[in-house]
Each structure stands twice: as structure tokens, then as C-alpha cells.
Amino acid sequence: MPLSQAQKRELEAKMQEFVGLPISEPKPGRDAVNEPMIRQWCDAMADENPIYWDAAAAKEAGYDGVVAPPTMLQAWTMQGFEMAEGYDVPKNNEHRLHKLLTDHGYTSVVATNTDQGYTRYLAPGDVVTANTVIESISEEKATALGIGYFINTRTTFTDQDGDEVGWLTFRVLKFVPQQQPQAADDGGAGAAAAPGIIRPPMGHDNGWWWELVQDGVLAIQRCNGCGALHHPPRPMCNQCRSMDMGHVEASGRGTVHSFTVIRHPQFPGYDMPILAALIDLEEGTRIVSNVVDCRPEDVHIGMKVTCRIDEVEDGFKLPVFVPAG
Ligand SMILES: [Zn+2]
């Protein structure tokens, strides 16, 4: 049942009471800024800037010692799984605000924007605290997902002296999901089409790669200047800055570098669970794909896989990976 105008005004007045409130007590990071976490971050992000791990290089660049990558800012104050129990019993103001909206039919949530700013470099030993405030709530908006409200939060990160080291804004849309079209009773011409998979956007830089997939080829972009291989395709070589690009055909042999089993949310049009994996191709590049014909409990890091190009629907083809052999 949609809310009446009076109910909506009452809801909006209650929502506005949250604006300006901290979402919770300030959250100090569980660990001080430290070199092992920096190294693991750099490994995961393939960031080879030596000022993050080599004290001599950092000093040469004008720092007192190694510094943390600025983009790690939020990582220093991230919580464990204690927040992951759901919002049925709200534990902080943000949960209470979300539950208020959920209870009025705005049951879905999606993150839409985030921005970060860095005031100074962090170094090992710094203790970071996050202070998050509910900054603003929009008026009701009609979006492609459904009607809802944008909720903006702003986090200020401070150090052990209480000085700001950076900030982060985060916006979510809390919305009423649109009703699925009802199939006509006779199942005839009025029946809604079954939802399908989300097609990848194909632009100037990657359209050619998808066209080759449709021809049954798994390609890897190759720089004609220096021979470096890249995936996903890009306009310029990050090794030699050439914009002259060709490609090679991948053998399709690879190894699972990492994976995740996606059980929720259950997207219409997909067979759940989805085994999403990062595959190391034997040529040396990585690709994100799905592992299929494999039980979730059987996927493992280091597993040998082979590419297969599957027709997923309406003639559209997608490269997936199956256990080798
Ligand atoms: Zn190159």
C-alpha cells in the first residue's frame, strides 16, 4: 500500500530528526596504521610505489619513513562482522533510520556515490578514528530502481591528536522496489518477458573484445609498442604509453587466483549461487569471470580451469571457466 500524503509527511518529519546525528560513537581503528596491512593492500592492489614499503625510497621522496596509501583511509577503521547481523534490532542511528524507512515500505537499499579526501599521509603508528554523521536526507525521488530517499553520511577521520586526516562521504538510496510486472493469466502476448542477465556495456575501448567473444575467441589486448598484455582493454599502454593496440588469442588455460560465492542478493535471471572468480590466465593477465559446472565447495584457490564460451541467452556469448581436465 503506498503511503498517504499525511503518512509521508509524518515519515519525513521523523527522518529529519536524524539529520546531524552521529551514526554511533566514534570508531577507533582496531589496529594502528601498520606495515603488514600496508604490504597486503599493495599486493592486492598491485601498487608498486616503493614509498609504501621501502623506508629508504620514502626518505628519498621527502617522507620520514614509509607512508600508507591514502586510499587505505577507510580500511583503518573498518569493523569486523559484528555489524552484519541485520537491522531488525537497530544498534545505532543509521540502523534506526534505515529501519524507519524499511517499516514504511522503503525496503531496499543501494549505495550510489562515495567521495574521499586526504588531508595528510598516514604513517605506521598513527591511530585513526572515524566519526560519521548523517549529513542530509533528500526529498523523495523517483529513480529507475523505484521511489526513495537519498541518505548522505559524512565521515571525518582523525588521528591520535584529534586532527583531521581525511574524510569520506557516502550516499545510499533507500527505496521501494518496483513491482515485477505480472504475467497475464493466459500466458499470452501480455506475459512479461522473463528477466535476463545484465549485458556488459560495450564501448569504444572494449567493444572489439566482446565482438571476438561472440566469435568464440578469448582475446587479450597486446600493446604493439612494447608487447605488454592488458586486461581489461584500455586505450593506452601503462608501460610505454603507446595507443597502438592489437591482441593475442588466449589459450583459455588459467588458475583460480581468488573467488567468492555469491548467494545474495538473488538477481532475477541468474542461476544462484554464482561462483565469481579472478582467474590468472597462463599468458599473465587476470580476468574476472564465473566458474561453472563446479560445486561451490569444490572451487579453490590454485584450481586449474579452462575457458569455455557459453551462449547464455538470445545468442549472447559469455566466457566462463570450467574445472580443467
Ligand atoms: Zn606498451
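Derivation of every value follows stated rules applied to the coordinates shown; laboratory data play no part. Worth saying up front: this structure is predicted, and the values here are computed from it rather than measured. Note: ideal-geometry Cβ built from the backbone for every residue, glycine included; neighbour counts use all protein chains shown.
Can you give me the Kirkwood hydrodynamic radius for the stretch 1-153, using every pair of distinct Cα atoms, in Å to one decimal? Present the calculation step by step, with values, prior to reporting the outcome.
Working: mean 1/r = 0.0544 Å⁻¹.
After inverting the pairwise mean of 1/r, the radius is 18.4 Å.
Consider all pairwise Cα distances in the stretch 212-286 and report the whole-number % of them above 19 Å. It would help to have the intermediate numbers written out before the result.
Details: 1413 of 2775 pairs.
So the portion of pairs separated by more than 19 Å is 51 percent.
Grab the Cα-Cα distance for Leu278 and Thr143, subtract it from 0.36 nm times how many residues apart they are, and report the gain in nm with one decimal.
Values: separation 135, 0.36 × 135 = 48.60 nm, distance 3.24 nm.
Length difference between fully extended and current span is 45.4 nm.
As a footprinting exposure proxy, order Cys226, Cys42 by other Cβ within 10 Å, with the fewest listed first. Intermediate results must be reported in sequence, preceding the final value.
Details: Cys226 11, Cys42 18.
Going from sparsest to densest Cβ surroundings: Cys226, Cys42.
Can you give the Rg/Rh ratio of the chain, where Rg is from the C-alpha atoms and Rh is the Kirkwood radius?
Result: Rg/Rh = 1.01.
Only counting other Cβ atoms within 10 Å, I'd like Val299, Val261, Val66 sorted with the fewest neighbours first.
On the way: Val299 19, Val261 14, Val66 22.
Going from least to most buried by this count: Val261, Val299, Val66.
Cα convex hull of the stretch 102-161: mean projected area in nm², to one decimal?
Values: hull surface 23.7 nm².
If I average the Cα hull's projected area over directions, I get 5.9 nm².
When the helices in the chain are scored as -39500 (n - 2.57) per DSSP H run of 4 or longer and the sum is shared across all residues, what 222 nm value do you end up with, to the nearest 500 deg cm²/dmol? Don't jump to the answer; show the numbers that get you there.
Working: 5 runs with 48 residues, N = 325.
Taken over the chain, the calculation gives -4500 deg cm²/dmol.
How many times 2.2 N^0.38 Å is the alpha carbon radius of gyration of the stretch 253-325?
1.07
Rounding to the nearest 20 debye, state how big the charge dipole of the chain is about its Cα centre with +1 on each Lys and Arg Cβ and -1 on each Asp and Glu Cβ.
Details: 26 positive and 44 negative charges, 59 e Å.
With only Lys, Arg, Asp and Glu charged at Cβ, the dipole is about 280 debye.
Can you give the log10 of the normalised intensity I(q)/I(0) at q = 0.17 Å⁻¹, computed with Debye over equal Cα scatterers of the stretch 183-325?
-1.00
When the Cα centres of the stretch 90-153 and the stretch 1-54 are compared, how far apart do they sit, in Å?
Centre-to-centre distance over Cα atoms comes out at 7 Å.
Straight-line reach from Lys8: which lysines have Cα under 24 Å away, leaving out those fewer than 8 places along the same chain?
Answer for Lys8, where 24 Å is the Cα cut-off: Lys99, Lys141, Lys174, listed by chain and number.
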